[in-house]
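Presented below is the structure to which this report refers.
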Amino acid sequence: MTQPKKLFIKTYGCQMNVYDSERMAESLGGQGYVTTDRADDADMILLNTCHIREKAAEKVYSELGRLKPLKDARPDLKIGVAGCVAQAEGEEIMRRQPAVDLVVGPQSYHRLPEMEAKVRSGQSALDTDFPAEDKFDHLKGRPKAKRAPAAFLTVQEGCDKFCAFCVVPYTRGAEVSRPAEKVLEEARDLVERGVREVTLLGQNVNAYHGGMTLAELIRALAKVDGLERIRYTTSHPNDMGDDLIAAHGEVPELMPYLHLPVQSGSDHILKRMNRSHTAESYLKLLERIREARPDILLSGDFIVGFPEESDADFEATMELVRQVRYGYAYSFKYSTRPGTPAAERPLVDPAVADDRLQRLQGLITQHQREIQQSMVGREVSVLVEKKGRLPGQMLGKSEYLHAVHIENCTAAIGDIQRVRVTEAKTNSLAAVQI
């Protein structure tokens, strides 16, 4: 009996890359591959890369350097680079690291079986096209294996916004939405496999236009029998339409959590970022969302030290954070992305940017802890996802996306358990079932 080939995938970055890695594994499953969690045990290694973080490409090259001894010891080992760094760097990856056998962009990974056959014949393979065909139509259906109770579901890719700091339009391409019926079909398939919560993914997910608006898609998904929870990420303030705001108040399956990046509280910096919204319009939008769903927990993204950011610009960001009081927020120091409009602009002094980042993160952390502390004594519903580290303990997510440890829990994985919060910890809540 032929031994299956082993595939190791290392995934960097966003939730969409997690989803893409799953689909790449399924695509190569048809070629006889099974996944392994050990690179030194693999017949093929894929790095599914992200170009958002600082020095992303250099980190990939460093990882390839660490993998080269495996290739030297086992010449039959195949190494591939996928994702956004692959799209941005293309042939340069193979030039700088000859150990790489294939390079595939995020819009072409449905072609992996053909590329794998090519490298097995001794050739290299490169595909960073933006093909006209829908990659999702070319991927094999998910095998009916049991799934974790929460899953990602890509509904939209690419972005047309062209923010001055962002490489997504260049690495993921223009906005493309999957047809609604394809999304509903995949959601029903996931539910058959044990999924009770889906997070709809897109670089600009609320610009979804697959024959429905995102709000209409959410309402259709809410009718899928067995699908109990719906989330979506990441959104742009300019695409937060009236129907989507209304859905937050009218669709019980849509969880009271919203990630809505603003990036800065300064109108000057927002204009230089090409964000096309103002701090005031963003705050008014949040007022409307909170009117529709008063208990909603908000999350955001911030970039500090953007070129030309003054002390006054940064203070405007701090003031916006004080007004919003985010339950979560992700903040980063600006770093240059080659090829983006902001890349040619003079940088803020790194020491100043570091200081601003620490101050912003301190304020965000303060609000996060205060909000978590306010949960003590409240009742929430937890989707149980796995066993905890302690005997009788189960771990899951509340409707507000808080990680919750349930003590002496009799619920099974996949159950939605009503609990009372007993303690707020640094990054999670403790609770007892009711």
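The values are calculated or read from the model by the stated rules, or taken from the named source; none is laboratory data. Given the structure is predicted, the values throughout are model-derived calculations rather than measurements. Counting neighbours? That spans all protein chains shown, and the Cβs are built from the backbone with ideal geometry, glycine included. Note: accessible area is taken over every heavy atom of the protein model, side chains too, but ligands, DNA and RNA are not part of it. Shrake-Rupley method; radii C 1.70, N 1.55, O 1.52, S 1.80 Å.
A few notes on this one:
- Over segment 240-310, the reciprocal of the mean inverse Cα-Cα separation, the Kirkwood hydrodynamic radius, stands at 13.2 Å.
- Too-long pairs where the Cα-Cα distance tops 22 Å, listed order kept, from LYS223/LYS387; LYS68/LYS333; LYS6/LYS55; LYS6/LYS78; LYS10/LYS161; LYS55/LYS425: LYS223/LYS387; LYS68/LYS333; LYS6/LYS55; LYS10/LYS161; LYS55/LYS425
- Per residue, the chain reaches -10500 deg cm²/dmol at 222 nm when only DSSP H runs of four or more residues are counted, each adding -39500 (n - 2.57).
- ILE364 - accessible surface, heavy atoms, 1.4 Å probe, Å² rounded to 10: 10
- FRET efficiency for LEU347 and LYS284, using Cβ-Cβ distance with R0 set to 41 Å, rounded to 0.05: 0.80
- Carbon-plus-sulfur accessible fraction, the chain (probe radius 1.4 Å, protein heavy atoms only): 50%.
- Solvent-accessible surface of segment 137-294, taken per residue with a 1.4 Å probe and all protein chains present: 39 Å².
- Assigned charges on the beta-carbon of Lys, Arg, Asp, Glu; the chain dipole about Cα centre (debye): 1200
- Extension gain for the segment ASP160 to LYS59, taken as residue separation times 0.36 nm less the Cα-Cα distance, is 33.6 nm to one decimal.
- Free-standing Cys, the chain [no other Cys Cβ under 4.7 Å]: CYS14, CYS50, CYS84, CYS159, CYS409
- Once the convex hull of all Cα atoms in segment 14-131 is built, its volume per residue stands at 101 Å³.
- Relative to the current alpha-carbon distance between GLU181 and GLU319, full extension at 0.36 nm per residue lengthens the span by 45.4 nm.
- Cα-based shape type of segment 383-434, given that a ≥ b ≥ c are square roots of the gyration tensor eigenvalues and the cut on a/c is 1.5: rounded
- Of THR410, THR365, THR426, the residue with the largest accessible area leads and the full order is THR410, THR426, THR365 (1.4 Å probe).
- The modelled label-to-label distance between LYS271 and ASP129, using points 7 Å beyond Cα along the C-beta direction, is 4.3 nm.
- Farthest toward the positive end of the dipole of the chain, out of ALA174, MET255, GLY388, is the Cα of GLY388, where the dipole comes from beta carbon charges about the Cα centre.
- C-alpha center-to-center spacing [segment 285-315, segment 321-374] in angstrom: 11
- Positive-pole candidate from ILE296, ILE45, GLN361, dipole of the chain, charges at beta carbon: ILE45
- Altogether, the Stokes-Einstein calculation at 25 °C and 0.890 mPa s, with the Kirkwood radius of segment 146-268 over Cα pairs as Rh, returns a diffusion coefficient of 164 µm²/s.
- Length added when fully stretched, ARG420-GLN358, from 0.36 nm per residue minus Cα-Cα: 19.0 nm
- Taking the three principal axes of the alpha carbon atoms in segment 278-402, the coordinate ranges are 55, 36, 26 Å, sorted in descending order.
- Derived scalar couplings between HN and Hα for segment 278-289 equal 10, 4, 5, 5, 5, 5, 5, 4, 5, 4, 5, 5 Hz in order, rounded to whole Hz, by the Karplus curve 6.51 cos²θ - 1.76 cosθ + 1.60 (θ = phi - 60°), x for Gly and Pro.
- Between the residues MET240, HIS110, ALA411, the greatest Cα displacement towards the positive end of the dipole of the chain, with unit charges on the Cβ of Lys, Arg, Asp and Glu, is found for ALA411.
- Calculated accessible area for segment 320-380 comes out at 52 Å² per residue, all protein chains present (probe 1.4 Å; ligands, DNA, RNA ignored).
- With contacts taken as Cα pairs under 8 Å and at least 6 residues apart, segment 295-335 reaches a relative contact order of 69 percent.
- The chain - percent relative contact order, Cα under 8 Å, separation 6 or more: 9
- The charge dipole of segment 301-434, taken about its Cα centre with unit charges on the Cβ atoms of Lys, Arg (+1), Asp and Glu (-1) only, comes to about 740 debye.
- Remark: the Cα gyration tensor places the chain in the oblate category, a/c being 1.5 or greater and a/b not exceeding b/c.
- Summed residue charge, Cβ within 14 Å of ARG95's Cβ, Lys/Arg positive, Asp/Glu negative: -3
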